[in-house]
Every structure is written in C-alpha cells, then in structure tokens.
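Beneath this line is the structure, given in structure tokens, with notes to follow.
The values are calculated or read from the model by the stated rules, or taken from the named source; none is laboratory data. As the structure is a computational prediction, the values presented were derived from the model and not from experiment. All Cβ positions, even for glycine, are placed from backbone atoms using ideal geometry, and neighbour counts span all protein chains on display.
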Amino acid sequence: MARGEPNDGGAERQLTLVEAVREALAEEMERDPTVVVLGEDVGLLGGVFRATEGLSARFGAGRVVDTPMAELGIVGIAVGLAMRGLRPVAEIQFADFLHAAADQLIGEAARIRWRSAGDWTCPLVVRAAYGAGFRGGPYHSQSVEAFYCHVPGLKVVAPSFPADAKGLLTAAIRDPDPVLFLEHKLTYRAVKGPVPAGEHVAQIGRAHVVRSGDALTIVSYGRMLHESLAAAEQLADLGIEAEVLDLRTLLPLDRPAIIESVRRTGRLCVVHEDTLTMGLGAEIVALAAERLAGELRAPPIRVAMPDIAGIPVQDPLEDALIPGRHRIVDAARTLLRGSRPARSAAAYDAAAAEASSVVEVAMPEEHLERALSAVERACREFPVCNAEFTWDGIKAHDAVRIDLDLGPRAPCRGDGTFTVTDFGPGSSALGLPAVRPGQTAALRIGAVRDGAAWLALTVDHRAVDGAVAGRFLRRVKELIEGD
C-alpha cells in the first residue's frame, strides 16, 4: 500500500504535515534568497498554526513579514512582489477569508501571463488552512477549493500526506505561475508520515494511487483521503477491494489517472468535504460519464457535505454533516448493488442486453451442495432460466446440467445449461457472473462470511425479464435457507 510521493533518495524521517510545510519553507528560503513569507502573525508568533515558527529568527523580519489583517492587501502585495522578481509565499490564516482577496488572486495573478502574452509571470504561492472539524463555526471552516478550481491560470494543490506537503510546496514555490496551496487544518498534526530529508520536489498535476483495488475507485484528497482509506479497510473486511486515488492537485486535474483507475474498476465514488452542488466531484463524475459511459458498471456516486450555508456551531451537528468512513462504505456498497457487467462503449449498443440482481442469503460454510440443489430445483420451476436464446426463439433445455466454475481450483466443463460460480472463501463478497453461450442465466456465490453470502444472478435480458429473474433469485434464497 503506497503512501505519498516516492522518496527522491534522501533519508526519511517521520514528520507531521505541519512540520513538512515548515521544512519546505525553510529549505526554499535557504536555497533561494528571493523567497519571502508574508501574512498575519507569520513572524514572531510563527503563524496561527505555527507553520512558520522559527523562520523569522532564522531569516529576519525583512523576509518574514507580519502584515495587517487585510487579505486583499496581503495577496495584492504578493502579486506586486512576484512581478518585481521575488517569490512570495503569502499565508491566509483561514481559507474562509480568501474571498476578500479574490480580486487580486483571480483578476490579476491568474491572468497576468495570458493578458501579457507571456511577457509577465506571477510566481507566487498563497497558503491557506481549510476544512471543518476544528470547531471553528461558519467563519473558520469552509472548503473553498471549488471556487478557485474554476480559474484558468491558477493551480490548486491539496496535499494529504506530509511527504506531498513538502514536495508539492517546494514545487509550488518554484513554479512560474500562481499556486493556491490548501492545507486541511485537521491534518496538520493528526497525519504523520515519512518525509525525505533534503531536496524533495513532487510534480504538480499528478494524482497517486495510495491503495490498489479492483472493485471500485474512490477519488479524494486532503482529510477526506484518510477517511476514504479507513473506509477501504472496512470494505476489505467485507471482501471488497477499493482503489483509492489521491488527487493531490485539484487544478489541473490528472484526468488520465482518473480515467485509467475508473476504467479498471468500472465504478466511481468521489469524496470531498465541500458541499455537493457544483463541487469538485461534479467535474470528476462528468469526466467519467463523458469518457467511460459504456464501461461504467454503475452510476457514479458523490459523498459530500450537504448544501448548507455554513458549518454549525454545535459540535454534534458539525460531526453529523462532515462526510466520513461510514458514509463512504455505504456509498461503495450501493455502487456494488447497482452493478452490471461492463462492456466497451463501441460494443455497448450492439451487445446482448444483460441484467443482474443481487440478494443476501444466510449460508453455512459448507454450502455448495445445498446451493447447487437449490439452483437445480429453481431451474426446473423457471425453465426460461435454463434455456438458450436464438433468433428463432427461446429454446428450453430438456435437462438441467450445471456448470460449476470454481476458478483456479477447478474450471467448469463448459457444456452445461446453467453456470454457478464459487471462487471460495478468499474471493470477493460480491461479483457478477457472465452468461455463457447457450445459456440464459448464471449465478455467482460470494465468499461466505459470518454465515452469510451475496448471490448475484445475471440473465440474458432477451430471454429472461427482470420480474422472472427476481422470482428465480428469491426462490433460490428460500431453498438455501429452508430447513
């Protein structure tokens, strides 16, 4: 299981995210005398979150500048400094107050290269602490990324791990164009991890798979990335392996990485703390819909904050609104329940229509003989599920011959009239079988855990309608669970 940016070769230490930010600032100020830091209380106090602690004593008040409480002025001065040859790093204490500086950040910094036809650049970084859970109420808890991801000419970065915080902040300071660097305040000290010593530069614009899986893709960033990882561990206990993709950079999006992961799993869940409507998840879901329409096994799902005007002051209400691992697990299970077999976009319209139904059933560990008996009996009661579709009509088979597919343990013969797939206790809890030629239905038995399993029935919809498929599956369940 990968974590953060690969080591560039320096010895690694365990740092918190705020320590990694501080180290990146110190090393870049040491390396490049044009790097300056400015913002409210960044000097003597060391910043409200202590991200700049010690820098004033080390580099002096001329390079670590305490400013008045005026965000428009802070970013406006930073724009001027950047255009005069310096590399300013402006700190906005809370991302909620970035909006006061939006005119300078959006109207000036992000447009300078474009409106000067490349004659001028604006190499500045604006750092801001964002996100809820800090008990800051409606004015110190906003997730503002969607506003600024709408701005061409601006880069937006949101690291999840300390190594990325150092590597991406270093890259942001060296970038020739403006970068908004968002640091989730609850990750500052709660998240600790290995960070390379010495120079460490990560590539802006590259996402990173931090957990591999094949059942679904969870896309997230910042604090929600860690909730997504926790959810993935819970899903693994259910036999569901989720792939977790850390965006790291929100603008520009690493579209190829998103497409590659979702194409591999066929299912997409986007998790972010920002509100649902017009959030970053909408763009990612649109990307999947446009590029992978025929390959998605279920409609994408977004897990996000409800559309409310602000974070409540009451702690229980705040906790109830912030997305978390349990909501992510529920969303993942919804994705799997609504799945269908994937097919390429080119073949989608021409392919035979298949439909799937899923049901949970009480199942003993030694279940196979009982399950096969139940399927055989149900096939006799619903002969259309023990048939073959031809262009001359649906032809029921004279006898029930079950192909039992045990995977690597014993592949099926391939001459049956109905296929039952059971990959054993180490397999996933849920998966969809394929209907074989000459058959109209197939059943997969998920790995039995705690006396229960998922049964997934796939049918050739040209021969078996949804109502019959549901009755067939319900009958199998009754027969397995019966005394």
Check your understanding: Just to be sure, is G416 in the same structural domain as V361 (by TED's automatic domain parsing), farther than 24 Å from A298 by Cβ and in contact (Cβ under 8 Å) with a residue 40 or more places away in the chain?
Key -> no
Review point. So which pairs qualify, if the first residue must be in segment 167-196 and under 21 Å from A11 (Cα atoms) and touching a residue at least 12 places away in the same chain (Cβ under 8 Å), the second must be outside any helix (DSSP H, G or I) and of a type in the set (V, I, T), the Cβ gap must be under 6 Å, and the two must be at least 6 apart or on different chains?
Key: G167/V201; L168/V157; T170/V201; A171/V201; A171/I204; K192/T16
Check your understanding: Taking into account only those residues within segment 442-476 that are without any contact (Cβ under 8 Å) to a residue 60 or more places away in the chain and not basic (K, R), which is surrounded by the most Cβ atoms within 10 Å (Cβ to Cβ)?
Key -> A442
Check your understanding: Any idea which of P425, P437, P433 is crowded, with 16+ Cβ neighbours inside 10 Å, in a loop (DSSP other than H, G, I, E, B) and at negative phi?
Key -> P433
Review point. Any chance segment 62-77 includes a residue that's over 12 Å from G39 (Cα atoms) and crowded, with 20+ Cβ neighbours inside 10 Å?
Key: no
Practice item. Only strands (runs of 3 or more DSSP E) wholly contained in segment 193-291 count here; list those with 1 or more residues that are in contact with an Asp or Glu (Cβ under 8 Å, 6 or more places away or on another chain), among the polar types (S, T, N, Q) and outside the structural domain of V18 (by TED's automatic domain parsing). Key: 216-220, 268-275
Practice item. Scan segment 118-137 and give yes if some residue there is within 35 Å of the chain's Cα centre (by Cα) and part of a helix (DSSP H, G or I), otherwise no. Key: yes
Revision key, fill the gap. Taking segment 431-460 and keeping residues farther than 25 Å from D237 by Cβ and among the small types (G, A, S) leaves A434, G438, A441, A442
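Okay, residues lined up against (1) closer than 19 Å to P176 by Cβ; (2) part of a loop (DSSP other than H, G, I, E, B); (3) of a type in the set (S, T, N, Q):
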site	(1), (2), (3)
E30	no, no, no
L44	no, yes, no
A51	no, yes, no
L81	yes, no, no
Q93	no, no, yes
A110	yes, no, no
Point to revise | Whichever residue in segment 294-329 is under 20 Å from D214 (Cβ atoms) and surrounded by fewer than 16 Cβ atoms within 10 Å (Cβ to Cβ) and, among such residues, is modelled with the lowest pLDDT | key: G294
**Study point:** Some residue of segment 194-215 being touching a Gly at 6+ places or on another chain (Cβ under 8 Å) and basic (K, R)
**Key:** no
Revision key, fill the gap. Filtering segment 233-276 for residues that are among the hydroxyl-bearing types (S, T, Y), modelled with pLDDT of 95 or more and closer than 16 Å to C149 by Cα leaves a count of 1
Check your understanding: When you go through (1) more than 30 Å from the chain's Cα centre (by Cα); (2) part of a helix (DSSP H, G or I) one by one for A102, which number turns out not to apply?
Key -> (1)
Review point. Would you say V157 is buried (at least 20 other Cβ atoms within 10 Å of the Cβ) and touching a residue at least 60 places away in the same chain (Cβ under 8 Å)?
Key: yes
Practice item. Give the number of residues within segment 353-400 that are acidic (D, E) and part of a loop (DSSP other than H, G, I, E, B). Key: 4
Revision key, fill the gap. Sole miss for N386 among (1) modelled with pLDDT under 85; (2) touching a helix residue (DSSP H, G or I) at 6+ places or on another chain (Cβ under 9 Å); (3) not hydrophobic (A, V, I, L, M, F, W, C) is condition (1)
Review point. Quick check: anything in segment 155-164 among the polar types (S, T, N, Q) and outside any loop (DSSP other than H, G, I, E, B)?
Key: no
Point to revise | Which listed residue is surrounded by 21 or more Cβ atoms within 10 Å (Cβ to Cβ) and in contact (Cβ under 8 Å) with a residue 24 or more places away in the chain, from A101, A26 | key: A101
